[in-house]
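First up is the structure itself, then whatever we jot down about it.
The values are calculated or read from the model by the stated rules, or taken from the named source; none is laboratory data. No experiment lies behind these values; they were computed from the predicted model shown. Note that we place each Cβ from the backbone using ideal geometry, even for glycine, and neighbour counts take in every protein chain shown.
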Amino acid sequence: MSCRSRTAWASMIAALAIAVTTVTGLDGASMPADAGPVRPVAVTQDACVTQPCTWNFQQIKVFGAQAPGKHGAGVTVAVVDTWVDHEHPELAGRVVGHAYCVGMSGQCQANARNADECAHGTHVAGTVAAKNYGVAPKAGVLAVQVLSYRDGDCSGSTEDVAAGIRYAAQHGADVINLSLGATVPGLFQSSHVSDAVADAARAGAVVVFAAGNSTVPVSDNYGDNAVLVAATGPRGGLASYSSRGGAIDLAAPGGDDGAAGLTSCQKSTCIMSTEPHNRYALREGTSMAAPHVSGTAALLLAQHPRRGPSDVISALRNTARPVGGIRNGLIDADAALRLRAPATNPGTTTRSPAGTDRRTTTQPAQLAPSPGSGQTARRTATPRRTWTLADPSATTETDAAAQQPTDGFGGGRAEQAPPFPQQPQANTGAEFPARIALGILALLALCGAGALWLSNSRPNPPD
């Protein structure tokens, strides 16, 4: 073979190796991280077998925490919010009780609810315990309605919120989620609410608040009796709208379409969960972040039923990944569940073991709302944007942007959602043959380069 032939052969092999490397994407050069919309990070095939591989669950490593946390089995999470649609297929068998606290003069009516136009509570409950979108899909949900539909919005009072917290603590709630936001006047400064939070903590409940969507620093007077939760976007930093400050303990996925340069929620930027009447919706807000923390707390409690609330909060704080703008950082569910269970501290109230009579299991009944009492305020912990979907499995990022936005509390005629198909999983086995082929081509290219070097080191024979 002549020098020219050897040179051409070596060049051809080198070019082929580069082309195959670019096509397979194994060097990452052809797929820059900042190109196009923000998308979930790839996960291994067995990471999300029973649930869709959503970016929010991947961000806080939910899938690795669910099995050690028994998927939340035996734990009750109170959703102190709007009503919850217990008939949604995703929540079937998961809503263990209802209570109605709106305008009841600091009391709550057991086994009652008002199925008004508010959809927020169903979305929050879905992130806690829905079959496909729940952090703790085997946990029970105690739906405590403290907000109701009035004058085109969903509102409530600090008195009703305090009553809801007390009811939840007295009726089996191991975790209490309050996605109510910092913009409800006086919520975080209300003595009614702080006293109720302290009582709930003494009763053994983990209390979780959404920090609000105001961007300004938040203060509270709960101390170690509760945690405040900021929202992160798909890239892991605080969402552009999220409240922040040293009083905020933790962050969790809340979505952020604006930071991605978009004008509407997409699957890759917002939080998918359940809506009333068998529907689904993409939402963003600290309201969506808090139930991720509540669900993780349920996993911790299911893992070790004798934990006290201080143990749970400590585990969440000590394993959080640092995020600028808040005290501790972004929760890491997998890391929290891998911690050795701490011994119960003297004087710390622990939750009752699963199966005791703390859980309420009665069926809901209808109750018309009573006139409001106490300080009524607009409940503005609603998501910044909401996109209601009839079929989440058929909606791509582009399709979601084409949906009609709602205010989060209406959404037109409900449609029956088809059964949720299993999401396609990452084919990790396909990478191995591609890497072998790449290695062979690289070896051939190296041999060709060696042949070229040898030929150049010898005098060329005359033509």
Q: Pairs only if they're at least six apart or on different chains, beta carbon under 8 angstrom, first in the range 213-234 and at positive phi, second surrounded by fewer than 18 Cβ atoms within 10 Å (Cβ to Cβ); list them, first residue then second.
A: Thr215/Ser240
(Q) What's the number of the only condition in (1) surrounded by fewer than 24 Cβ atoms within 10 Å (Cβ to Cβ); (2) outside any helix (DSSP H, G or I); (3) among the polar types (S, T, N, Q) that Asn177 fails to meet? (A) (1)
Q. Taking the condition surrounded by fewer than 24 Cβ atoms within 10 Å (Cβ to Cβ) and within 17 Å of Leu180 (Cα to Cα), does Asp249 pass?
A. no
Q: Answer with yes or no whether Val323 is under 10 Å from Leu250 (Cβ atoms), part of a loop (DSSP other than H, G, I, E, B), touching a residue at least 60 places away in the same chain (Cβ under 8 Å) and within 18 Å of the chain's Cα centre (by Cα).
A: yes
Q) In the set Tyr100, Tyr133, which member is in contact with a Cys (Cβ under 7 Å, 6 or more places away or on another chain) and either touching a residue at least 24 places away in the same chain (Cβ under 8 Å) or not assigned by TED's automatic domain parsing to the domain that holds Glu284 (or both)? A) Tyr100
Q: Report, by residue number, each residue of the range 144-178 that is at pLDDT below 95 and more than 19 Å from Asn114 (Cβ to Cβ).
A: Thr158, Gly172
Q. Which residues, taken from the range 326-336, are buried (at least 24 other Cβ atoms within 10 Å of the Cβ) and part of a helix (DSSP H, G or I)?
A. Ala333, Ala336
Q.
Taking the conditions exactly as written (in the same structural domain as Ala260 (by TED's automatic domain parsing), in a loop (DSSP other than H, G, I, E, B) and free of Cβ contacts under 8 Å to residues at least 24 places away in the same chain), does Gly93 satisfy them or not?
A. yes
Q: Being over 17 Å from Gly329 (Cβ atoms) and either touching a helix residue (DSSP H, G or I) at 6+ places or on another chain (Cβ under 7 Å) or surrounded by fewer than 21 Cβ atoms within 10 Å (Cβ to Cβ) (or both) is the filter here, so list the residues in the range 225-246 that pass it.
A: Asn225, Ala226, Ser240
(Q) Take the conditions within 24 Å of Ala99 (Cβ to Cβ) and aliphatic (A, V, I, L, M) and apply them to Leu238. Does it pass? (A) no
Q: Name the one entry in Ala297, Ala290, Ala201, Ala196 that is touching a Pro at 6+ places or on another chain (Cβ under 7 Å), surrounded by 21 or more Cβ atoms within 10 Å (Cβ to Cβ) and not in a strand (DSSP E or B).
A: Ala201
**Q.** Filter pass, Val161 being β-branched (Val, Ile, Thr), within 23 Å of Leu299 (Cα to Cα) and either in the same structural domain as Glu275 (by TED's automatic domain parsing) or assigned to a strand (DSSP E or B) (or both)
**A.** no
Q | The listed residue being outside any loop (DSSP other than H, G, I, E, B), in the same structural domain as Ser179 (by TED's automatic domain parsing) and not aliphatic (A, V, I, L, M), out of Ser268, Ser310, Ser264, Ser242 | A | Ser310
